[in-house]
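The values are calculated or read from the model by the stated rules, or taken from the named source; none is laboratory data. Note that the structure is predicted; figures quoted are calculated from it, not measured. Neighbour counts run over all protein chains shown; Cβ positions are idealised from the backbone, glycine included.
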Amino acid sequence: MTTTAIRGGLVITAAEETRADVLVEDGKVAALAASGSAFAQGWHADRTLDATGKYVIPGGVDAHTHLDFPFGGTASSDDFESGTRAAAWGGTTTIVDFAVQSRGQALREGLDRWHAKAAGRCAVDYAFHMILSDVNEGSLKEMDLLVAEGVTSFKLFMAYPGVLYSDDGQILRAMQRAAGNGGLIMMHAENGIAIDVLVEQALAAGHTDPRYHGEVRKALLEAEATHRAIQLARVAGSPLYVVHVSAEESVAELAQARDKGLPVFGETCPQYLFLSTDNLAEPGFEGAKYVCSTPLRPREHQAALWRGLRTDDLQVVSTDHCPFCFSGQKELGRGDFSKIPNGLPGIENRMDLLHQAVVDGHITRRRWIEIACAAPARMFGLAPHKGTITPGGDADIVIYDPHAEQTLSAATHHMNVDYSAYEGKRVTGRVETVLSRGEAVIEERKFTGRAGHGRYVPRATCQYLT
Ligand code: DUC
Ligand code: ZN
Ligand code: ZN
Ligand code: ZN
């Protein structure tokens, strides 16, 4: 195994910023020492990476992706090969994707299917959450087995009646089971029953354009479901992680619960921080590019999301990467917004957009690393190997140029999707080199990795609770 020294950079973790050299050996961080110190000078290294003027940060942990995900009569356009390659380009070295239990299936069947999709194809490391779409005696028992083998989080849907939806009784049972086995319940919190009534009424009134997707999926129905999920979790005595929080009113529900000391956590995504219903209302059918659920909100909601990220009422920013090409996929919903496949691409853009948030003054550099690397790693049982730079931890390291300027565009991105949700957006900062367990997967803006380098990572239980 080769040894690599990364010299002269500003090492940023969630805990501190120091001018330090980093020694990598056998895929692990072997040592950190003050840049130029006699100790660091004395390291033998086969290879030296000069990080002068750059940041040296942990590889990103994207805890919410949907690669090769069947949805809305089609499947997300990035598979595990293209999606994890794009992740590497964007400085993300671990993803947690969602395996799906189909109705009538055992959890095991769904999980095996996802292992088969991913095995041998990933450029960076990967783990799985499990989506429960059929909560019954069998699947409840299986939850214990999955936790024991490293699938320690379970997503439930209060949305999508008839498809992925669980009712309150099923949710309560799953939460009770998680309270007993250490699993973390992740909730898609939207009142899908009420939303479907509004969808039907909108379509009956001839309101078929993409912007109506945002109008029927009301912020109040996200907040109501968030509130209900919190109360059910309290009754069950389980922790709760609310995914893709987009509404100010939902942040308020989470903040109120956290003020009571409840183990309730929240995630938001770059699209809610940088995009809005203005995008959904773009002329013609362009708004379809921005259809995802929870939906984009009016711009006024963004301040509450940024505040929540600063005050730790929201802990994690993941992408919910679920790309569908405009051509042939988003177009399935021409003339009926409810048939537009839900989801946005973003796996490659998250680290850069959140660095832009540092430049814009929304968050500090250390908070950037906390919400994008350290917190998702701890939340989903991947610490201390992932999400930080520490002796003994995996050498998942990004050399980041904080001064490079770039323009986000479908013409230059590596995601397998024919548009960018951030087309033309200028950002300051760019990934230069990415190590995954010590191996360069991106080196000076070239992909040097390979499909199959990425390994499956079994996870511990949530590390926020111990
Ligand atoms: N929301 C999305 O936008 N896509 C996939 C599933 C979901 O809940
Ligand atoms: Zn050597
Ligand atoms: Zn969801
Ligand atoms: Zn999702």
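General remarks:
- Restricted to the range 1-78, the set of strands (runs of 3 or more DSSP E) holding at least 1 residues that are at pLDDT 95 or above and within 16 Å of ligand 4 (Cβ to nearest atom) comprises 60-65.
- Any hit, the range 127-139, residues being under 29 Å from GLU224 (Cβ atoms), of a type in the set (Ser, Thr, Tyr), part of a helix (DSSP H, G or I) and more than 16 Å from ligand 4 (Cβ to nearest atom): yes
- Index of the failed condition, TYR160 passing every other in (1) at pLDDT 95 or above; (2) within 16 Å of ligand 4 (Cβ to nearest atom); (3) at negative phi: (3)
- Among the residues making up the range 379-419, those that are charged (D, E, K, R) and surrounded by fewer than 24 Cβ atoms within 10 Å (Cβ to Cβ) are ASP401, GLU405, ASP418.
- The set of residues from the range 329-353 being without any contact (Cβ under 8 Å) to a residue 60 or more places away in the chain and within 20 Å of GLU423 (Cα to Cα) comprises LYS330, GLU331.
- Being in a loop (DSSP other than H, G, I, E, B) and more than 14 Å from ligand 3 (Cβ to nearest atom) holds for only one residue in GLY180, GLY162, and it is GLY162.
- When the range 222-257 is filtered for residues that are in a loop (DSSP other than H, G, I, E, B) and more than 17 Å from ARG299 (Cα to Cα), the ones remaining, listed by number, are GLY237, SER238, PRO239, VAL243.
- Given (1) touching a residue at least 40 places away in the same chain (Cβ under 8 Å); (2) of a type outside the set (Val, Ile, Thr); (3) away from ligand 1 (no atom under 16 Å from the Cβ); (4) farther than 23 Å from TYR241 by Cβ, number of the condition ALA40 does not satisfy: (1)
- Among the residues of the range 195-221, the ones that are assigned to a helix (DSSP H, G or I), more than 22 Å from HIS301 (Cα to Cα) and either within 13 Å of ligand 3 (Cβ to nearest atom) or out of contact with any Ser or Thr (no Cβ under 7 Å at 6 or more places or on another chain) (or both) come to 6 in all.
A quick yes/no check of all residues on (1) small (Gly, Ala, Ser); (2) under 22 Å from the mean Cα position of the chain (by Cα):
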{"site": "LYS117", "(1), (2)": "no, yes"}
{"site": "ARG121", "(1), (2)": "no, yes"}
{"site": "MET130", "(1), (2)": "no, yes"}
{"site": "SER166", "(1), (2)": "yes, no"}
{"site": "GLN170", "(1), (2)": "no, no"}
{"site": "ARG173", "(1), (2)": "no, no"}
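- Residue list for the range 435-464, restricted to those being closer than 26 Å to TYR272 by Cβ and of a type outside the set (D, E, K, R): CYS462, GLN463, TYR464
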